[in-house]
Amino acid sequence: MEFKEVYCMNCKKVLGRYNIKFYDDDKISELLKTTHSLHVKSGHQINIKKFEKS
Ligand SMILES: [Zn+2]
């Protein structure tokens with residue numbers, strides 16, 4: 001399964017890991033505007049990378 005990992009460069013922590021089956025790019029950007037908006041509003045740099053997990 002493929003996942004997307006949302007990582008905050010400023011807080012140096014993983015904000016969430018999302019299965020790309022259920023979270024497409026639109027859903028991820030929606031999450032950045034809602035669930036993780038605190039980081040975005042603070043000007044934190046969010047890094048999204050894909051990784052695979054069996
Ligand atoms: Zn942050």
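The values are calculated or read from the model by the stated rules, or taken from the named source; none is laboratory data. Model, not experiment: these values are computed from the prediction. Here Cβ is always computed from backbone atoms with ideal geometry, including for glycine, and neighbour counts include all displayed protein chains.
State all residues of the range 1-24 that are free of Cβ contacts under 8 Å to residues at least 12 places away in the same chain and assigned to a strand (DSSP E or B); if no residue qualifies, say none.
Taking the range 1-24 first, the residues free of Cβ contacts under 8 Å to residues at least 12 places away in the same chain are 12-14, 22, 24.
Scanning the range 1-24 gives 13, 14.
Could you please find all residues in the range 8-24 being surrounded by 11 or more Cβ atoms within 10 Å (Cβ to Cβ), modelled with pLDDT of 95 or more and of a type outside the set (Val, Ile, Thr)?
8, 9, 10, 11, 15, 16, 17, 18, 19, 23 - these are the residues of the range 8-24 that are surrounded by 11 or more Cβ atoms within 10 Å (Cβ to Cβ), modelled with pLDDT of 95 or more and of a type outside the set (Val, Ile, Thr).
Being surrounded by 12 or more Cβ atoms within 10 Å (Cβ to Cβ), touching a helix residue (DSSP H, G or I) at 6+ places or on another chain (Cβ under 8 Å) and either β-branched (Val, Ile, Thr) or more than 19 Å from residue 12 (Cβ to Cβ) (or both) is the filter here, so list the residues in the range 25-47 that pass it.
40, 46
Take the residues in the range 25-53 that are assigned to a loop (DSSP other than H, G, I, E, B) and within 11 Å of the ligand (Cβ to nearest atom), then tell me which one is nearest to the chain's Cα centre (by Cα).
So in the range 25-53, the residues assigned to a loop (DSSP other than H, G, I, E, B) come out as 34-36, 42-45, 53.
Restricting the remaining residues to those that are within 11 Å of the ligand (Cβ to nearest atom) gives 36, 42-45.
Numbers: 36: 8, 42: 16, 43: 15, 44: 12, 45: 11 Å.
Selected residue: 36.
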